[in-house]
Number of protein chains: 2
Amino acid sequence: LNTLKLVQQKLETALPKGRVVLFSRDDHDEYTKDYSSAAPVEPSLIVEAESQDEVATVLKVANDFKVPVTPRGTGTGKSGGSVPLPEGIVLGLKSMNRILDIDVANKMVVVEPGVITKTLQDELEKVGLFYPPDPSSYKICTIGGNVIENAGGPKALKYGVTAEYVVGLKGVWANGKRFEYGGKLYKNVAGYNFVQLLVGSEGTLGVITEITLRVRLLPKVQTDILVAFNSVEDASKALLAIQNARIQPVIAELMDKTCVKAVESFLGNSIPNSHAGAHVIFQVDGNDSDHTQKEAEILSDLCRQHNALDVSLATTDKEKEVIWNVRRNVSEALTAFSEHKESVDISVPPSKIGEYLSHIESLNTSENHCVLGYGHLGDGNIHVNILNLGHSQEKWATLFPAIERSVFQKAVDLGGTITGEHGIGLSKLPYIDLMFSEEDRANMKAVKAVFDPNAILNSDKAI
Amino acid sequence: LNTLKLVQQKLETALPKGRVVLFSRDDHDEYTKDYSSAAPVEPSLIVEAESQDEVATVLKVANDFKVPVTPRGTGTGKSGGSVPLPEGIVLGLKSMNRILDIDVANKMVVVEPGVITKTLQDELEKVGLFYPPDPSSYKICTIGGNVIENAGGPKALKYGVTAEYVVGLKGVWANGKRFEYGGKLYKNVAGYNFVQLLVGSEGTLGVITEITLRVRLLPKVQTDILVAFNSVEDASKALLAIQNARIQPVIAELMDKTCVKAVESFLGNSIPNSHAGAHVIFQVDGNDSDHTQKEAEILSDLCRQHNALDVSLATTDKEKEVIWNVRRNVSEALTAFSEHKESVDISVPPSKIGEYLSHIESLNTSENHCVLGYGHLGDGNIHVNILNLGHSQEKWATLFPAIERSVFQKAVDLGGTITGEHGIGLSKLPYIDLMFSEEDRANMKAVKAVFDPNAILNSDKAI
């Protein structure tokens with residue numbers, strides 16, 4: 001504790017007045033947790049940095065005194081990645097939220113890490129540009145968080161995940177030394193790819209203070225199509241037929257019957273075709289409305305050929321709202337109906353989705369719990385929800401870990417991963433042995449030690 | 001030399017009969033060099049491995065005796081990356097050339113590193129799939145080499161470079177331990193991204209023995225368009241206008257007047273519009289011939305609006321052959337006309353190409369040498385050729401390094417890189433200080449040391 005007092009003094013001397021804040025339970029509850037179910041932890045100090053210099057100062061002092069640092073954006077992560085350590089520093093980045101450069105000619109943008117994803121998307125839209133990655137928290141999460149966790153989202157099906165857009169990074173390694181790699185470049189093979197080493201590194205190697213992203217031209221037309229299928233299998237086959245017809249949907253969001261029924265109860269409205277085995281929201285986009293309409297028609301026909309019960313197209317915002325209403329309420333509905341909900345984000349080769357979903361259905365051995373999946377049909381990334389509907393806390397404490405392990409194990413057995421877009425963080429550390437050998441983990445730790453010799457930066461997480 | 005005798009014996013015992021070959025100047029000249037101008041070096045032993053086990057054996061023995069190993073595909077690299085070390089082992093991978101799995105449903109393929117790029121493309125085409133990366137050596141280079149150098153090519157403009165297709169790697173770290181990362185996955189954020197650390201690592205970290213690539217559906221229609229512009233500036237502006245009209249060319253290959261004139265002399269035929277300031281080959285593709293034709297027409301109109309002297313479309317193979325004839329002969333023509341030719345592959349933000357080309361033109365201070373550029377207009381990647389046309393060898397030995405450094409320096413000054421697709425290898429090591437600080441290089445070397453503690457694997461190169 002004397003150490004922390006000294007650290008506080010050093011930081012107060014080196015940083016602008018008011019920057020160093022002593023944690024208080026009443027005022028700073030948000031800093032104890034993220035959007036996962038990881039248990040809250042109280043840090044000692046909070047610094048919301050406003051520049052790369054301030055980030056470097058915090059890391060230097062933390063190294064001098066070997067005090068843990070937990071970087072943080074807006075804390076919307078789903079794996080506990082920004083849950084702090086006791087007697088540690090939270091290094092907040094949400095105030096570094098300037099869009100530094102929108103370069104229309106090169107189709108590149110340069111941003112600070114605290115920019116909200118939707119803010120960037122809105123600003124780009126004004127000049128006809130498009131940043132596709134769209135994690136469901138896009139209205140409140142930060143680009144820095146998206147980069148450090150390599151966030152995905154529904155549009156990854158056509159447009160890929162965050163990693164594919166990151167071409168340059170500036171920041172500070174955990175050891176306090178600054179780095180700058182890449183830039184407004186479409187091709188660059190000089191040196192090891194430390195840009196992509198940092199992407200998805202879950203805040204364990206360094207703190208990013210500036211990001212260069214390549215962006216796209218905004219498609220002029222978007223059409224959403226809601227399809228009710230008899231079964232998930234039919235939906236999967238339909239998607240394959242659509243792609244073979246050379247139509248690449250932007251989105252193919254799947255909800256099974258359990259999800260739709262839960263939303264129906266939650267909203268108190270009857271949802272059309274709620275008895276269907278699977279609902280899928282497709283989106284097609286393009287720049288020629290005739291061409292996109294033709295694609296939407298072909299897509300609809302192919303769904304009907306795969307036993308679709310109903311197909312509805314939406315082009316106006318109002319029609320789109322109706323289609324997305326169910327999907328937007330799934331998470332909240334499932335939370336409302338369960339005493340404990342754990343949502344994980346496994347990913348498997350897309351052709352294995354049917355087999356995977358059958359497996360998780362087989363885990364529903366009691367009416368007191370439910371395991372179900374919804375998510376991204378085309379890219380194999382499924383949000384599996386494990387719900388306690390009525391087991392006692394004691395019973396659930398023994399049942400839950402076995403169910404969760406089985407959910408992860410099956411994904412790995414099918415050639416998949418235990419996390420498609422949320423990261424390992426704290427939540428999945430107990431299952432990391434399913435993915436990595438002791439030797440793999442030792443290698444990752446040795447690479448971390450190159451940049452973080454005192455193990456001060458998020459060292460309790462990810463690897 | 002006693003050590004090498006021992007190494008030879010150990011390898012002969014551990015490997016199948018005939019696998020270990022003693023280097024002989026007469027029989028194995030190809031093993032001394034690659035397609036760069038790096039000076040040939042004679043190794044001591046050659047092993048063309050046929051399995052991951054054999055690769056692991058070679059690396060284990062090499063570690064035991066601390067003998068250098070240089071991995072090699074077909075040796076078509078352009079930066080000296082597979083030039084061996086004296087008293088070292090060449091570890092050849094071209095015999096590991098099986099396509100292990102073409103997975104149409106998941107749009108993934110699994111291949112060994114020795115598969116020729118064109119062979120893979122041809123096999124995929126038979127089932128309607130498409131692997132876009134197309135380095136100019138695609139008929140003779142290997143996928144393994146493409147991955148380890150992160151090869152680009154003309155189609156990168158629309159479809160990206162090799163890195164964007166690599167989703168899984170198996171192999172052996174330099175220390176002899178095996179690795180396996182990723183798989184047939186579109187989303188995977190578990191652990192550090194060692195897949196992308198290996199891509200472009202120039203054979204300094206490990207040897208890849210199996211590669212999983214995602215592939216695309218083959219577009220049904222392709223149209224090539226050759227345009228003669230007044231100037232490079234007009235060509236750049238036209239491309240921007242084309243992209244803003246929401247047409248993304250697959251290819252935009254630029255040749256300046258000097259290139260075209262050189263080919264004209266070389267072939268002894270007159271080339272139409274050879275007096276034009278710049279020739280650009282565009283390609284557009286799609287799945288609906290009406291739609292693609294419409295795009296080709298809009299593109300042509302936009303070129304004419306930017307002072308195009310001539311626009312010719314090609315849809316048949318024969319017409320395409322005519323259009324590509326000049327481009328295919330550029331390299332050979334320039335070689336024929338010069339006593340020494342060095343070709344480098346800088347990359348800059350696309351909007352800086354005009355400024356960059358003006359700079360290299362300014363280096364033409366004597367009729368006895370010529371610096372010129374051709375390459376990939378849209379992605380900023382230019383092949384700068386530095387030609388000695390008449391200087392004495394002595395004069396050139398002093399002039400050339402200054403010219404080459406200026407060629408690289410200007411790229412870096414404009415926010416670019418000294419290598420867009422060939423790698424640092426040996427050829428660009430003298431200029432690595434332009435890109436990386438001493439500390440950056442120390443960090444890369446420390447990461448290498450995690451996987452190659454005895455520094456046996458290509459340790460003279462890349463970083």
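No lab work stands behind these numbers, since they all come straight from the coordinates. This structure is a prediction, so every number in the text was calculated from the model and none was measured. Positions of Cβ are generated from backbone atoms using ideal geometry, with glycine treated the same way; all protein chains shown enter the neighbour counts.
Brief remarks on what is shown
- Theoretical FRET efficiency, 1/(1+(r/R0)^6), r = Cβ-Cβ of A:Phe65 and B:Asp64, R0 60 Å, to 0.05: 0.90
- Along its three principal directions, the equivalent ellipsoid of the stretch A:302-368 from the Cα gyration tensor extends over semi-axes of 27, 21, 12 Å, largest first.
- Ratio of Rg to Rh over the stretch A:192-244 (Cα coordinates, Kirkwood Rh, two decimals): 1.22
- Across the stretch A:211-225, coupling constants 3J(HN,Hα) worked out from phi with the 6.51/-1.76/1.60 Karplus curve, θ = phi - 60°, read 10, 9, 10, 7, 10, 10, 7, 5, x, 7, 10, 9, 10, 9, 9 Hz, and Gly and Pro carry x.
- Along the stretch A:106-118 the Karplus relation, 6.51 cos²θ - 1.76 cosθ + 1.60 evaluated at θ = phi - 60°, assigns HN-Hα couplings of 8, 6, 9, 10, 10, 9, 7, x, x, 5, 6, 3, 5 Hz to successive residues, with x for each Gly and Pro.
- For the pair the stretch B:345-394 / the stretch B:1-56, the C-alpha centres are spaced 38 Å from each other.
- Note: the stretch A:1-147, Cα convex hull, 118 Å³ per residue.
- Distance from the A-onto-B rotation axis is smallest for the Cβ of the chain A residue given, in whole Å, as A:Gln196, 2.
- On Cα atoms only, tilt of B:289-305 relative to the major axis of chain B in degrees: 60
- Across the identical copies, the label point of A:Gly354 (7 Å from Cα in the Cβ direction) is separated from its matches by 5.6 nm, in order from shortest.
- Helix-only mean residue ellipticity at 222 nm for chain B, each DSSP H run of n ≥ 4 adding -39500 (n - 2.57), per residue, nearest 500: -10500 deg cm²/dmol
- For A:Leu434, label point 7 Å along C-beta direction: distances to other copies, nm: 4.9
- The translational diffusion coefficient of the protein assembly as shown, from Stokes-Einstein at 20 °C and 1.002 mPa s with a Kirkwood hydrodynamic radius over alpha carbon pairs, comes to 73 µm²/s.
- Test item: A:282-291 mean partner chain Cβ contacts at 10 Å: 2
- Förster radius 60 Å - calculated FRET efficiency between A:Leu389 and B:Thr316, Cβ distance, rounded to 0.05: 0.40
- For chain A, the longest principal axis of the Cα atoms and the long axis of helix A:353-362 meet at an angle of about 90 degrees.
- Each Lys or Arg adds one and each Asp or Glu takes one away; over the other residues whose Cβ falls under 15 Å from the Cβ of A:Asn106, this sums to +3.
- Summing charges over neighbours of B:Gly152, with a neighbour being any other residue whose Cβ is under 12 Å away from its Cβ, gives -3 when K and R count +1 and D and E count -1.
- Calculated from backbone phi, Karplus (6.51, -1.76, 1.60) coupling profile of the stretch A:33-49 in Hz, x at Gly/Pro: 7, 10, 8, 8, 8, 4, 5, x, 9, 9, x, 9, 10, 10, 10, 8, 5
- Placed amide H near B:Gly200: partners under 5 Å, 5+ positions off or other chain: B:Ile148, B:Glu149, B:Asn150
- Between the stretch B:287-339 and the stretch A:57-89, the alpha-carbon center distance in angstrom: 55
- Entries in A:Lys261/A:Lys294; A:Lys220/B:Lys237; B:Lys158/B:Lys184 that, when Cα-Cα distance is taken, lie over 26 Å: A:Lys261/A:Lys294
- Chain A, relative contact order [Cα under 8 Å, separation at least 6], %: 15
- Computed over chain A, the P(r) tail beyond 32 angstrom holds 42 percent of alpha carbon pairs.
- Debye intensity ratio in log₁₀ form over the Cα atoms of the stretch B:331-463, taken at each q of 0.10, 0.15, 0.19, 0.21 Å⁻¹: -0.37, -0.77, -1.08, -1.22
- Surrounding net charge for B:Lys33, when Lys and Arg each add one and Asp and Glu each subtract one, Cβ distance under 13 Å: -1
- Sorting the segments A:138-148, B:146-156, B:225-235, B:3-13 by their mean number of nearby beta carbons within 10 angstrom, highest to lowest, gives B:146-156, A:138-148, B:225-235, B:3-13.
- Each copy carries a label point for A:Ser392 at 7 Å from Cα along the beta-carbon vector; from one copy to the others these points are 10.0 nm apart, nearest first.
- Taken as Cα centroids, the stretch A:130-203 and the stretch A:248-284 sit 31 Å apart, rounded to the nearest whole angstrom.
- Angle between chain A longest axis and helix A:317-336 axis [Cα atoms, degrees, rounded to 10]: 70
- Which of A:Gly420, A:Ala397, A:Met444, positive extreme of dipole for the stretch A:364-458 (C-beta unit charges): A:Ala397
- Restricted to Cα atoms, the stretch B:225-298 shows a radius of gyration and a Dmax of 13.9, 40 angstrom.
- Shielding by other protein chains, A:437-450, mean Cβ within 10 Å: 4
- Peptide A:174-187 shows a mean partner chain C-beta count of 6 within 10 Å per residue C-beta.
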